[in-house]
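Presented below is the structure to which this report refers.
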Amino acid sequence: MSRCTMPPACTVASAAQIWSTIDLSERQRSRSSQLNHADCYALYWHAHARFREWTPEGNREAIRLCARIEAIEPGNVLVSALAGFCNGVACQAGWADDPAASRAAAVRHLQFALATDPNNVEVLGYAAGTMVSIGGDMRVADRLIDR
């Protein structure tokens, strides 16, 4: 069984690179709004809010919400980037029931997001964080953050 071994501080430090005023306000709004099963935008921000709790259950819920969005709207690059990061965090933090599957999901989402929208600042931030959390090439992660 594969196990990610990067320290949690690395993942948290990378996550700090992707904070923004919009991010904060949308997360606050999503916590108080009703979720519509077909409203991918609301589901995305709800997933965002849940993973930012930095708890095993919040992270699992974020992954579930990302999967729901992907079923409704396949190919959503921001959702894929977030799902990759959440799976990487689950792997790294020991929250994944199956670390190898979680790492594989993180890599799959990372590759898709970077191939689809390699200049999107959120994609780059999540991709760098995912690389750190799964023990990827730190030089590549640094280049993503610099972009």
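The values are calculated or read from the model by the stated rules, or taken from the named source; none is laboratory data. In this text the structure is predicted, and so the values were computed from the model without any measurement. All Cβ positions, glycine included, derive from the backbone under ideal geometry; neighbour counts span all protein chains shown. Just so you know, the surface numbers come from the protein's heavy atoms only, side chains and all, with ligands and any DNA or RNA stripped out. Shrake-Rupley method; radii C 1.70, N 1.55, O 1.52, S 1.80 Å.
Close amide H pairs (under 5 Å, H built 1.01 Å from N) link Trp54 with no residue at least 5 positions away or on another chain. Note that segment 38-102 presents 35 Å² accessible area per residue, ligands and nucleic acids not counted, probe 1.4 Å.
For His48, the solvent-accessible surface with a 1.4 Å probe is about 0 Å², rounded to the nearest 10.
Assuming charge only on the beta carbon of Lys and Arg (+1) and of Asp and Glu (-1), the dipole of segment 77-139 about its Cα centre is about 100 debye to the nearest 20. Computed extension gain for Thr55 through Ala115, at 0.36 nm per residue and net of the alpha carbon distance, reaches 18.7 nm. Length gained on full extension, Glu73 to Asp98, computed as 0.36 nm times the residue gap minus the Cα-Cα distance: 6.4 nm. Phi-derived couplings, Karplus 6.51 cos²θ - 1.76 cosθ + 1.60 at θ = phi - 60°, listed residue by residue for segment 84-94: x, 5, 4, 5, x, 4, 4, 5, 5, 7, x Hz, with x used for Gly and Pro. With θ taken as phi - 60° and the Karplus curve 6.51 cos²θ - 1.76 cosθ + 1.60 applied, the whole-hertz 3J(HN,Hα) list for segment 108-119 is 4, 5, 4, 4, 4, 4, 5, 6, 7, 9, x, 10 Hz, x standing for glycine and proline.
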